[in-house]
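One structure is given here, and the rest of the page talks about it.
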Amino acid sequence: MKNILIIDDEINICTLLSKFLSKHGFNVDTTMTGAAALKMMKEKTFDLVLCDYRLKDTDGAQLLQDIHQINPRTIVIIITGYTDVRVAVEMVKNGAYDYLSKPLYPDEILNLVHKAFAHKESEQERLAVQPVDAGSAPEARETLLSRNQSEKNDKYVYGESEGARELIRQIKLVAPTDYSVIIFGETGTGKESVAHLIHHHSKRSSQPFVALDCGSLSKELAASELFGHEKGAFTGAIGTKIGAFEQAQGGTLFLDEISNLSYDIQVAMLRVLQEKVIRRVGSLKEIPVDVRIIVASNEKLSESVQRGKFREDLFHRFNEFTIYIPPLRERREDLPLFVTAFVEQVERELEKSCGKISPEVWKCFQQYNWPGNIRELKNIIRRACLLTPEMQEINMAALPLEMKESFAQPPEEMQVTGELAIMANDNDLKTVALQAEYNKIINVLKEVKYNKTKAAQLLNIDRKTLYNKLRLLNINY
């Protein structure tokens with residue numbers, strides 16, 4: 001039996017975790033202080049430690065270091081509240097296996113424990129095939145583990161807003177399952193990053209993650225990209241091609257902009273999901289596939305179904321779990337986290353130190369509507385760091401024109417009260433035109449239940465133009 005030590009100053013958590021893990025075949029001990037835990041570890045070998053980050057006599061970072069001094073092979077999983085998530089991520093980089101956010105969910109805990117032991121066994125097998133010096137074997141194992149976790153977690157920024165917390169909670173709930181997932185969010189909100197996180201926290205994490213942008217596929221290419229083709233299947237097929245389903249065998253297939261698939265391909269996709277076999281273009285042979293499907297769209301698939309653009313039966317196949325990613329303008333408290341992360345990334349890319357961001361730029365960031373969301377923010381940070389001399393303050397001159405124009409607009413030019421925009425001069429022709437435009441946009445937004453993609457279509461303008469008008473008219477939905 002594997003030995004597990006639970007360290008938490010809440011007796012209820014110790015009791016519940018102990019009973020739950022004992023029922024699943026583990027030998028469990030508990031303690032409420034770091035000092036007692038270290039004493040127990042010197043007397044007994046523990047394979048895994050579940051440790052609360054905040055303890056009365058120490059913190060998780062110090063305890064992690066002390067545990068690894070006693071036994072570098074012990075797996076450590078940190079238990080943390082949402083406010084300490086960033087610290088927990090740093091601890092993962094320093095050697096913890098992973099972290100769990102409160103509130104705790106039994107299935108999530110059990111899955112992570114099994115995953116940790118499986119990972120340790122695979123690391124030991126790999127080191128057995130590629131031996132290191134006997135005297136440094138434990139350190140080598142730990143270095144590999146730390147490097148692996150650092151690479152997996154360094155790409156993600158975990159927000160602290162209410163929307164971000166709910167997003168993380170849903171990701172961790174659905175990841176251990178094998179449910180198909182629909183990710184819905186505006187362009188640039190990070191749908192592929194969310195798909196990566198689901199894969200990373202799933203039992204398929206050691207298998208391939210394959211992403212395919214359906215929006216860039218023509219009807220002719222889609223079947224070949226998804227299912228592959230045989231040599232000579234069509235003009236230009238000079239060799240056999242392995243499709244995305246085969247590439248993702250055992251792992252996760254992420255299909256972005258899924259609503260762009262043609263009707264014929266949707267029919268073929270439905271058969272694959274039902275029968276779990278694919279047939280390459282130009283072949284009669286059926287190939288079994290075991291793939292988890294995650295799809296994404298910047299418009300609601302249910303609305304695509306209503307418009308007859310997407311098959312209802314395929315929608316229900318995908319719709320085992322839906323995740324909504326809030327736009328950046330609805331989670332402005334996460335801006336500092338994203339900005340800091342992107343600045344650090346750009347500093348590594350450019351091999352230069354960027355200066356601090358000026359208070360005026362911060363104010364502009366807080367007021368801006370971010371139609372391009374996180375992707376737009378990242379590009380703006382890259383541009384600003386490139387234009388600003390090393391170690392000098394990043395100021396408004398480094399921002400793109402549309403941001404400066406938006407920031408320069410006087411806030412008192414227009415004030416919104418309830419559903420109406422009250423202008424300074426009701427008799428001015430320009431004011432009357434703006435008022436009419438405001439009313440029209442509000443009415444259309446209500447009609448489509450505030451779906452901006454659909455509103456732009458009904459207004460016969462593109463999404464970017466709609467967002468510019470929303471900013472101009474100070475409409476916040």
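Ranking 51, 274, 171 by how far each Cα lies toward the positive end of the dipole of the chain (charges on Cβ) leaves 274 at the top. Projecting the Cα atoms of 238, 38, 384 onto the charge dipole of the chain, computed from C-beta unit charges around the Cα centre, puts 238 farthest toward the positive end. Would you mind telling me the share, in percent, of accessible area of the range 429-473 contributed by carbon and sulfur at probe 1.4 angstrom? Exposed carbon and sulfur together represent 56 percent of the surface. Each residue was assigned an accessible area with a 1.4 Å probe, and for residue 464 the value is about 140 Å².
Does the range 3-121 come out rounded, prolate or oblate, given a ≥ b ≥ c as the square roots of the eigenvalues of its C-alpha gyration tensor, rounded meaning a/c under 1.5 and, failing that, prolate meaning a/b above b/c? In terms of gyration-tensor shape, rounded.
Between residue 39 and residue 27, the modelled label-to-label distance comes to 2.1 nm, taking each label 7 Å out from Cα in the direction of the beta carbon. With 21 Å as the limit, the listed pairs 172/464; 356/404; 404/464 have 172/464 beyond it between alpha carbons. Looking at the chain alone, DSSP beta bridges between its own residues are antiparallel in about 15 percent of cases. About the centre of its Cα atoms, the range 1-70 shows a dipole size close to 260 debye [charges on the beta carbon of Lys, Arg (+1) and Asp, Glu (-1) only; nearest 20 debye]. Charge dipole (Cα centre; +1 on Lys/Arg Cβ, -1 on Asp/Glu Cβ; no other charges) of the range 329-408 amounts to roughly 120 debye. The chymotrypsin sites (Phe, Trp or Tyr not before Pro) of the range 200-244 meeting both criteria, a DSSP state outside H, G, I, E and B (loop) and at most 13 other C-beta atoms within 10 angstrom of the site's C-beta, are 234. Using the Cβ-Cβ distance between residue 391 and residue 319 with R0 set to 51 Å, the FRET efficiency from 1/(1 + (r/R0)^6) comes to roughly 0.50. Here the simple spin-label model places points 7 Å from the Cα toward Cβ, and for residue 69 and residue 460 these points are separated by 7.5 nm. Think of each Lys and Arg Cβ as +1 and each Asp and Glu Cβ as -1; about the Cα centre, that makes the dipole of the chain roughly 920 debye. Taking the helices alone, the chain has a mean residue ellipticity at 222 nm of -15000 deg cm²/dmol, built from -39,500 (n - 2.57) per DSSP H run of at least 4 residues and averaged over all its residues. Rounded if a/c is under 1.5, else prolate if a/b is larger than b/c, else oblate: which is the chain, with a ≥ b ≥ c the root eigenvalues of its Cα gyration tensor? It is oblate, given that a/c is not under 1.5 and a/b is not larger than b/c. Could you tell me which of the pairs 23/120; 363/446; 241/300; 56/191; 42/93 are separated by over 28 angstrom between their Cα atoms in the structure shown? The answer is 363/446; 241/300; 56/191. Taken per residue, the accessible surface of the range 3-121 reaches 43 Å², heavy atoms only and a 1.4 Å probe. Model label sites at residue 366 and residue 309, defined 7 Å from Cα along the beta-carbon direction, differ in position by 3.7 nm. Between residue 271 and residue 448, the FRET efficiency estimated from the beta carbon spacing at R0 = 35 angstrom works out to 0.60.
Ignoring the sites themselves, the chain has its longest run without GluC sites (Glu not before Pro) in a DSSP loop having at most 14 other Cβ atoms within 10 Å at 11-285.
Efficiency by 1/(1 + (r/R0)^6): what FRET value for residue 474 and residue 218, r their Cβ-Cβ distance, R0 = 60 Å, to the nearest 0.05?
Here the calculated transfer efficiency is 0.90.
Taking all protein chains into account, the per residue accessible area for the range 213-346 stands at 45 Å² (1.4 Å probe). Isolated cysteines of the chain, defined as having no other cysteine beta carbon under 4.7 Å away, are 14, 51, 214, 364.
Counting only DSSP beta bridges with both residues in the range 176-324, the antiparallel share comes to about 15 percent. Charge tally around residue 18: other residues with Cβ under 15 Å, Lys/Arg +1 each, Asp/Glu -1 each, net -2. Counting 0.36 nm for each residue step from residue 240 to residue 405 and taking away their Cα separation leaves a gain of 54.1 nm.
The values are calculated or read from the model by the stated rules, or taken from the named source; none is laboratory data. Fair warning: this is a prediction, and the values are worked out from it, not measured in the lab. As a convention, Cβ positions derive from the backbone with ideal geometry for all residues, glycine included, and neighbour counts pool all protein chains shown. When the accessible area is computed, the model is the full protein with side chains, heavy atoms only, and any ligands, DNA or RNA have been set aside. Shrake-Rupley method; radii C 1.70, N 1.55, O 1.52, S 1.80 Å.
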